[in-house]
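Participant: Take this structure, written in C-alpha cells, and hold onto it; I'll ask about it next.
Only the coordinates and a few stated rules stand behind these numbers; no lab work does. For clarity, every value in this text was computed on a predicted model and none was experimentally measured. Using ideal geometry, Cβ is built from the backbone for each residue, glycine included, and neighbour counts are taken over all protein chains shown.
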Amino acid sequence: MNKYLMVIFCCMLIGIPIAFVNPTEGGLREEPIIGLFYVSIAGLIIIVLYSSMQTRKEQQRLRRERRKKFRK
C-alpha cells in the first residue's frame, strides 16, 4: 500500500470512533453519526481491495517478465 492510500486509510480509521464519541466532551453521542461510520467502513474496504488489486497486477507483470527471461 503506497503512502497516499495509507494516509487516507488512517483518516478513515479515525473516523469510525468519531462517529460514536463526541470529541469535545469525550462521552458517547446520544445519536451516533451512522453515515460517517458506514462511509468509513466502505472507504476502508475499497482501499484494501484497490491495494490488493494493484499488488496482484504488479505480481502478474513480474511473473511475465520472469517467463520471458527464462524462455530466451
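Participant: Stretch residue 42-residue 70 to full length: gain in nm at 0.36 nm per residue minus the Cα-Cα span?
Facilitator: On the way: separation 28, 0.36 × 28 = 10.08 nm, distance 4.21 nm.
Between residue 42 and residue 70, full extension yields 5.9 nm more.
Participant: On to the next question. Give the calculated FRET efficiency between residue 7 and residue 63 to the nearest 0.05, with a Förster radius of 35 Å applied to their Cβ-Cβ distance.
Facilitator: So the FRET efficiency works out to roughly 0.70.
Participant: Give me the tail of P(r) for the chain as a percent: Cα-Cα pairs with distance above 19 Å.
Facilitator: Details: 1368 of 2556 pairs.
Here the tail beyond 19 Å accounts for 54 percent of pairs.
Participant: To test your reading of the geometry: what angle, between 0 and 90 degrees and rounded to tens, separates the Cα axis of helix 3-20 from the longest principal axis of the chain?
Facilitator: The two axes meet at around 30 degrees.
Participant: Next question. Given 40, 52, 5, which one lies farthest toward the positive end of the charge dipole of the chain, if we put +1 on the Cβ of every Lys and Arg and -1 on the Cβ of every Asp and Glu?
Facilitator: Checking the options against the dipole of the chain, the answer is 52.
Participant: In degrees between 0 and 90, to the nearest 10, how far off the longest principal axis of the chain does helix 34-71 point, with axes built from Cα atoms?
Facilitator: The answer is roughly 10 degrees.
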